[in-house]
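The values are calculated or read from the model by the stated rules, or taken from the named source; none is laboratory data. In this text the structure is predicted, and so the values were computed from the model without any measurement. We place every Cβ from the backbone using ideal geometry, glycine too, and count neighbours over all the protein chains shown.
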Amino acid sequence: MRFDLTDLRLFLTVVECGSLTQAAREIHLALASVSERIAGMEAALGAPLLERNRRGVRPTAAGEALVRHARSILGQVEQMRGELRTYATGLKGRISLLSNTAAMAALLPPQLCHFLTIHRDLSIDLEERPSADIVQALVDRRADMGIVADITDLGPLQTHLIASDQLVVVSSHSHPLARQSRIAFAELLGEPIVGMADTALETYLGERAARLGRQLDYRIQLRNVEHVAMCVEAGIGISILSDAMARTLTRDLAIMPLSEAWATRRLYLCARDFSTLTPHAHLLAQQLLQRESQ
């Protein structure tokens, strides 16, 4: 059984499109050529990879296994190409790091600035993602490391605690809640909320509200924290943010911690296997872990 990289890319495209015809258009091949290559892969394997139906195609159990391995193999190939490409530009290494919003707001900028100052031959591909997306990307080998909150299932990943982050309530100074030093979550369930479009945090808070037989009243959810602050300042609602994120706001708002123990989230540095990181990714991991031990 021999599949080349073209076969793997073609198969993933077919699965993602759910249609041989659409995949053929996507990769600019004749439909007959796509069908022939898929048939050749199935013949080489000795088992069907796709299940045909009126709506298109979907992977069989064997096909699902091939999808997992193909993504892993192609991800490693792209990582190899990226690392080798950096030599042509004078760089000796590139690290792929994913981060949730809380870590991106305050934890990472000084750490990465310090790291890049010391290691001038290294470069970092940094991308902000929701914690759940980061976990999946690491499982699929699409990044070296990630920083996520413990409100997400960390699955099979190896983890190291690097920071704690408190959830806080942000309101205008004229809001009645602004007179309190700490706020119980139950007090917020009748309030209009201006939310961050953070799926993991929204799910976490939704579960906590459901335990009280209630739900949060989101008037609007925004991706930019300064836009959230603008709405809060205008009196549209209050917001629930990480303390690290709230401290970056430029507007004059009241910030009060939630009183519940569960409102203190832990941030973890994660990888599939720290022992198999590239040497330069290992250097960054060491620095981030040293920060916690100081």
Exercise. Within the stretch 129-136, is even one residue over 22 Å from ILE236 (Cα atoms), buried (at least 22 other Cβ atoms within 10 Å of the Cβ) and either without any contact (Cβ under 8 Å) to a residue 24 or more places away in the chain or among the hydroxyl-bearing types (Ser, Thr, Tyr) (or both)?
Worked result: yes
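Rundown of residues vs (1) without any contact (Cβ under 8 Å) to a residue 24 or more places away in the chain; (2) in a helix (DSSP H, G or I), yes/no style:
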position: PHE3; (1), (2): no, no
position: LEU10; (1), (2): no, yes
position: THR13; (1), (2): yes, yes
position: GLU16; (1), (2): yes, yes
position: ALA24; (1), (2): yes, yes
position: SER35; (1), (2): yes, yes
position: ALA43; (1), (2): yes, yes
Seminar exercise, completed: Within the stretch 48-73, restricting to residues that are surrounded by fewer than 13 Cβ atoms within 10 Å (Cβ to Cβ) and not in a helix (DSSP H, G or I), the one that is modelled with the highest pLDDT is GLU51
Exercise. Which one of these does LEU157 not meet: (1) surrounded by fewer than 17 Cβ atoms within 10 Å (Cβ to Cβ); (2) within 20 Å of the chain's Cα centre (by Cα); (3) aliphatic (A, V, I, L, M)?
Worked result: (1)
For this session: Sort out which residues of the stretch 256-283 are touching a residue at least 24 places away in the same chain (Cβ under 8 Å) and part of a helix (DSSP H, G or I), and write them in order of number.
Result: TRP262, ALA263, PHE274, PRO279, HIS280, ALA281, LEU283
For this session: Under 9 Å between Cβ atoms, at least 6 apart or on separate chains: pull out the pairs that start in the stretch 184-209 with a residue that is in contact (Cβ under 8 Å) with a residue 12 or more places away in the chain and end on any residue that is of a type in the set (S, T, N, Q) and in a helix (DSSP H, G or I).
Result: MET196/THR101; ASP198/THR101; ASP198/SER131; THR199/SER131; ALA200/SER131; LEU201/THR101; LEU201/SER131
Exercise. Out of LEU50, LEU74, LEU31, which single residue is touching a strand residue (DSSP E or B) at 6+ places or on another chain (Cβ under 8 Å) and of a type outside the set (D, E, K, R)?
Worked result: LEU50
Exercise. Only one residue in GLU51, GLU78, GLU64, GLU16 is acidic (Asp, Glu), out of contact with any Cys (no Cβ under 6 Å at 6 or more places or on another chain) and farther than 30 Å from MET145 by Cα, so which one is that?
Worked result: GLU51
